[in-house]
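Worksheet: the structure to be examined is printed underneath.
The values are calculated or read from the model by the stated rules, or taken from the named source; none is laboratory data. Keep in mind that this is a model prediction, so the values were computed, not measured. FYI the Cβ positions are ideal-geometry reconstructions off the backbone, even for glycines, and counts take in every protein chain you see. For accessibility, only protein heavy atoms count, side chains too; no ligands or nucleic acids. Shrake-Rupley method; radii C 1.70, N 1.55, O 1.52, S 1.80 Å.
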Amino acid sequence: MDGLSFDLNEIPLRAVNNFLHKEAPGQGVKKVTIANPDGAHNIAVGLDFPVDIEVVGHAGYYAGGMNKVANITVTGSAGTGVAENMMSGRVHVKGFASNGAGASMHGGLLVIDGDAGLRCGISLKGGDIVVGGSVGSFSAFMAQAGRMVICGDAGDALGDSLYEAVLYVKGKIKSLGADAQIEPMSDADLATVKQLLAAAGMKHDPKDFRRVASARSLYHWNADANQEY
Amino acid sequence: MCGIVGLLVKNPALKSRLGELMVPMLIGMTERGPDSAGLAVFTEPLSEGERKISLYSGLTEGGDDFNWLGLGHDLKQHLGVEAKIAPQGNHAILTISIAPEPVKRWIKEHHPKLHILSTGRAIDLYKDIGTPTEVSDRYDFKHLTGTHLVGHTRMATESAVTPDRAHPFTAGEDFCLVHNGSLSNPYGVRRMLEPRGIKFETDNDTEAACRFLEWRLREGDDLETALQKGFEELDGFYTFLMGTPDKLALIRDPFACKPAVVAETDDYVAIASEFRSLAHLPDIKNAKVFEPAPEEMYVWTA
């Protein structure tokens, strides 16, 4: 059994997710197409085997959440929290993504061809996010590890309270968050951006990107700061 | 959580299908708002001197069997007003050809539990407790016609589950608002408005936003200016969808805490909290689907 199709107008999503969790891994399923997602929540969440999933249309909340290994493509837009807590594998949104895309991701690659909403990559703990368009305010808030490449603009408070995640931005940054700073691009940064753009299938010149990382001044409590950051 | 939906038809041929297209939108938001539902529909306006008043009798002793004909009779006897009444269970639309204030005053005095849902030349308003399916069936929403409407499904967080606390809220004439979210300063707004003679009917936070914006419009602000003042004065989480006789307007708080998605074609503009409520619309696959940005104003004209 190589390829399978499910039409969510015909079969409940819960049955599809159940099949993907319990039966598909043992049956050598390589490719699954999910038609008429129509904004349903939790499509293809918690997958844990190598498979290509194509969601044809607009997905609702948490599509591809907690993904391990699988390669998930959404041809339309994705709702709140796409690929949240992804561990590994790849999630690709061809349209736009709503708020909290890639929230708390630990690994893998999230590619968003369009814009991402607010709080993209919030609490990122690892893995990579590449956004072809712009990201909304508070993106990469408290991001701890991992990398984000933003080909468009960034909203307010980019990288507020960053830890060790690193952000690369091509467009305008409306404002940086507390403790985030623009740093020079090293050769290693250029190589990283080049590699991530290639992985995402996007064509930009790495030299056009700026690096945003933590100034690390919030790492230790400063009693003299008088709550002014 | 709550669900909001809105639909404005650009193609006049769709006016007769407004309700039919909207009912699945409202039902699609059941998981976001299972406890109450409501909508305001904007029709061709009545002539200058006429007004229609939507009334809800579910809180009266008569309930669904309220004596609507008796009300018409009493209005004629006491006020000399010829009122046309279109009853539908616990709901009726009263049409009069005099200024509405004396009629509303009389109703409040003699039927204090009869709830006045809306007043205007274009607006008809329905809301009640129950699931979106139940409320849609109760008032036969699928046969509603008009140019645009604003709907809501409620999961109460800020005040009790009662018909008068369901959405849409109205203030003044031909203005309504639905809200997904929660305001943090509704009592501050109330304390600012009450000394100006603006009366509140519930303890609901959304009512404060509705009365604030209607007050600004009445003070002469255009819709955009009023919404800008809303951004400045209303604190909290919100996606607001508002209706006027010829417009739908949408705003989201600066943190975009509550969702909204828009689908636009040559024939219509449809707004919902989530795409789930838009998936059934005609030609949706070719619609321009986008997420409205926070702190931006979106205004569509019928």
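Annotations for the structure displayed:
- Residue check, residue B:153 at pLDDT 95 or above and either out of contact with any His (no Cβ under 9 Å at 6 or more places or on another chain) or open to solvent by less than 10 Å² (accessible area, probe 1.4 Å) (or both): yes
- The stretch A:134-150 - residue that is in a loop (DSSP other than H, G, I, E, B) and open to solvent by 10 Å² or more (accessible area, probe 1.4 Å) and, of those, farthest from residue B:253 (Cα to Cα): A:144
- The residues in the stretch B:54-79 that are free of Cβ contacts under 8 Å to residues at least 60 places away in the same chain and either in contact with a helix residue (DSSP H, G or I) (Cβ under 7 Å, 6 or more places away or on another chain) or outside any loop (DSSP other than H, G, I, E, B) (or both) can be counted, and the count is 16.
- For the stretch A:85-112, a residue qualifies if it is over 20 Å from residue A:50 (Cα atoms) and in contact (Cβ under 8 Å) with a residue 60 or more places away in the chain, but none of them does.
- In the stretch B:261-285, residue nearest to the other protein chains (Cβ to nearest Cβ) [restricted to those that are closer than 20 Å to residue A:8 by Cβ and open to solvent by 40 Å² or more (accessible area, probe 1.4 Å)]: B:276
- Tallying residues that are within 18 Å of the chain's Cα centre (by Cα), in a loop (DSSP other than H, G, I, E, B) and under 18 Å from residue B:275 (Cα atoms) within the stretch B:1-37 yields 6.
- In the stretch B:122-146, the residues that are touching a helix residue (DSSP H, G or I) at 6+ places or on another chain (Cβ under 6 Å) and over 17 Å from residue B:59 (Cβ atoms): B:132, B:133, B:136, B:141, B:142, B:143, B:144, B:145, B:146
- Test: residue B:128 is open to solvent by 10 Å² or more (accessible area, probe 1.4 Å) and either in contact with a Leu (Cβ under 9 Å, 6 or more places away or on another chain) or not in a loop (DSSP other than H, G, I, E, B) (or both): no
- Criterion violated by residue A:225 - all others in (1) touching a strand residue (DSSP E or B) at 6+ places or on another chain (Cβ under 6 Å); (2) free of Cβ contacts under 8 Å to residues at least 40 places away in the same chain satisfied: (1)
- Among the residues examined, residue A:65 qualifies as under 25 Å from residue A:99 (Cα atoms), open to solvent by less than 20 Å² (accessible area, probe 1.4 Å), without any contact (Cβ under 8 Å) to a residue 24 or more places away in the chain and part of a loop (DSSP other than H, G, I, E, B).
- The residue pairs whose first member lies in the stretch B:80-107 and is over 10 Å from residue B:53 (Cα atoms), whose second member is basic (Lys, Arg) and not in a loop (DSSP other than H, G, I, E, B), and whose beta carbons are closer than 7 Å, counting only pairs six or more residues apart or on different chains, are B:82/B:76; B:89/B:138.
- Of all residues in the stretch A:68-102, those being within 14 Å of chain B (Cβ to nearest Cβ) and crowded, with 24+ Cβ neighbours inside 10 Å number 13.
- Cβ-Cβ contacts under 6 Å between residues 6 or more apart (or on different chains), taken from a first residue in the stretch A:21-50 that is within 14 Å of another protein chain (Cβ to nearest Cβ) and more than 20 Å from residue A:66 (Cβ to Cβ) to a second residue that is open to solvent by 20 Å² or more (accessible area, probe 1.4 Å) and not in a loop (DSSP other than H, G, I, E, B), are listed as A:35/A:7; A:35/A:56; A:36/A:7.
- From B:214, B:219, B:233, residue being modelled with pLDDT of 95 or more and either exposed (fewer than 15 other Cβ atoms within 10 Å of the Cβ) or within 14 Å of chain A (Cβ to nearest Cβ) (or both): B:219
- Against the conditions (1) within 12 Å of chain B (Cβ to nearest Cβ); (2) surrounded by 24 or more Cβ atoms within 10 Å (Cβ to Cβ); (3) not hydrophobic (A, V, I, L, M, F, W, C), residue A:121 satisfies every one except (1).
- Number of residues in the stretch A:7-60 that are out of contact with any Phe, Trp or Tyr (no Cβ under 8 Å at 6 or more places or on another chain), assigned to a strand (DSSP E or B) and either open to solvent by 30 Å² or more (accessible area, probe 1.4 Å) or of a type in the set (Gly, Ala, Ser) (or both) equals 7.
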